[in-house]
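Here is the structure we will look at, set down as structure tokens.
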Amino acid sequence: LLVATNKGIINLPMDFKSHQRLLDLYVETAIYNKENLKISNHVDYSSNSDLQLVIKSIDYRNNQKPAYQYRLMPTQTDWVMSSSSNLSFTDLTPGDYKLELSIDQVTNSFNFVVEPRWYQTWWFYVIAFLLFILLVVITTKTLTKKSEKKKNKELFQAKKLSELRLKALRSQMNPHFVFNSLTAIQYYINENDFETSDTYLVKFSRLIREFFEMSKEHLVSVDREIKLLSNYLSLEQLRFKGKLNYIFEIDPELDLTDRLPSMLLQPIVENAVNHGIFNKETAGTVLIKFTRIDSNEIEICIVDNGKGYKATQEDGRYKSTSVLDDRLKYLRETGDWEITVKREDAFPHKKDKGHQVLFHLKKLNNENI
């Protein structure tokens with residue numbers, strides 16, 4: 001379009017676009033966490049704060065309230081139409097934001113930054129990750145060390161148990177017992193009492209075999225323990241020629257299949273025979289009593305009416321064997337058993353005061369013994 005004037009020619013291209021000079025759109029107020037973003041466009045993140053905006057416009061074309069479009073980048077990619085002067089945004093995460101406003105080809109923008117807290121920064125995540133790796137390494141080393149310690153302890157306990165079993169077997173197979181038994185067998189053979197010698201030999205071989213078998217086991221049933229003690233006492237009864245009597249009292253409520261630690265009672269019974277009844281001028285009796293306390297607790301009492309506990313200690317012949325004490329100590333250390341042993345005179349007002357040993361066994365893992 002060419003326009004001729006008295007001052008010259010005006011050339012107006014056909015694609016010329018005019019710019020509205022009577023229209024504007026802007027952010028008047030921006031409040032976040034009680035801070036004015038118009039003063040500083042940087043604000044610290046707060047999880048309980050909203051962004052409140054007041055939008056103002058300048059439009060001299062009409063008296064009506066203009067409608068405009070807005071979007072908050074990068075959370076909004078689509079334009080939203082609004083005619084309200086108040087805008088509110090919630091749950092803004094830390095980051096850089098740009099509010100774009102548009103009306104009749106007039107655009108404006110407002111930039112601000114929500115600064116992350118210290119625990120939302122990248123360096124915090126790096127440090128947290130490194131600390132996590134360090135914690136995993138320390139935990140792994142601790143668990144490995146604990147596992148190795150437990151394994152070494154179990155190996156040590158297994159070795160110690162094997163040693164105690166070997167010592168217990170040696171104490172039960174002590175030379176005096178074997179020599180006395182073989183001497184007794186030889187005596188009956190020389191007396192041509194072949195029936196008694198044969199009975200003695202059968203009992204002796206059965207007892208020796210039982211000793212070897214039980215030395216390999218950690219627990220034995222009550223029934224098997226009673227049979228072992230009965231076989232041993234019957235063998236000693238033959239040797240003592242009527243000077244020894246023995247009695248078993250079994251609680252009817254006791255389950256004979258209940259299991260007890262092996263190699264605990266025989267050394268005490270042997271001491272009762274050899275250092276109690278042996279020193280007695282008249283016939284003596286050994287009483288072995290089993291009593292159930294509850295499902296995981298049992299009491300065993302071994303009583304003889306021999307010379308007495310203190311007397312046998314004074315003459316140095318009483319042998320409650322350090323092997324038994326070591327065995328009891330080991331069983332307590334395993335944490336599976338609570339065992340107490342009480343030794344005292346059985347008949348303190350009599351000449352032959354006798355000896356009483358009271359075993360109290362309790363299974364600590366709440367399982368039936």
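Here are some notes:
- Filter pass, Lys362 being surrounded by 14 or more Cβ atoms within 10 Å (Cβ to Cβ) and modelled with pLDDT of 75 or more: yes
- Candidate set from the stretch 108-132 (those that are assigned to a strand (DSSP E or B) and touching a residue at least 60 places away in the same chain (Cβ under 8 Å)); member that is farthest from Asn33 (Cα to Cα): Asn108
- For Thr142, the criteria (1) in a loop (DSSP other than H, G, I, E, B); (2) outside the structural domain of Leu37 (by TED's automatic domain parsing); (3) of a type outside the set (D, E, K, R) hold in every case but one, which is (1).
- Exactly one residue out of Tyr97, Tyr70 is assigned to a strand (DSSP E or B) and closer than 17 Å to Leu23 by Cα: that is Tyr70.
- Here is the figure for the stretch 43-63: residues that are surrounded by fewer than 12 Cβ atoms within 10 Å (Cβ to Cβ) and more than 18 Å from Gln105 (Cβ to Cβ) total 4.
- Wholly within the stretch 236-297, strands (runs of 3 or more DSSP E) carrying at least 3 residues that are modelled with pLDDT of 90 or more and of a type outside the set (Ser, Thr, Tyr): 244-250, 284-294
- Flag for Phe124 being of a type outside the set (Ser, Thr, Tyr) and at pLDDT 90 or above: no
Residue by residue, here is whether (1) outside the structural domain of Ser221 (by TED's automatic domain parsing); (2) at pLDDT 75 or above; (3) part of a strand (DSSP E or B); (4) surrounded by 15 or more Cβ atoms within 10 Å (Cβ to Cβ) holds:
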| residue | (1), (2), (3), (4) |
| --- | --- |
| Lys307 | no, yes, no, yes |
| Tyr318 | no, no, no, yes |
| Val323 | no, no, no, yes |
| Thr340 | no, yes, yes, no |
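The values are calculated or read from the model by the stated rules, or taken from the named source; none is laboratory data. Owing to the predicted nature of the structure, the values given are computational and were not obtained by experimental measurement. Neighbour counts are summed over all protein chains in view; Cβ atoms, including those assigned to glycine, are modelled from backbone coordinates with ideal geometry.
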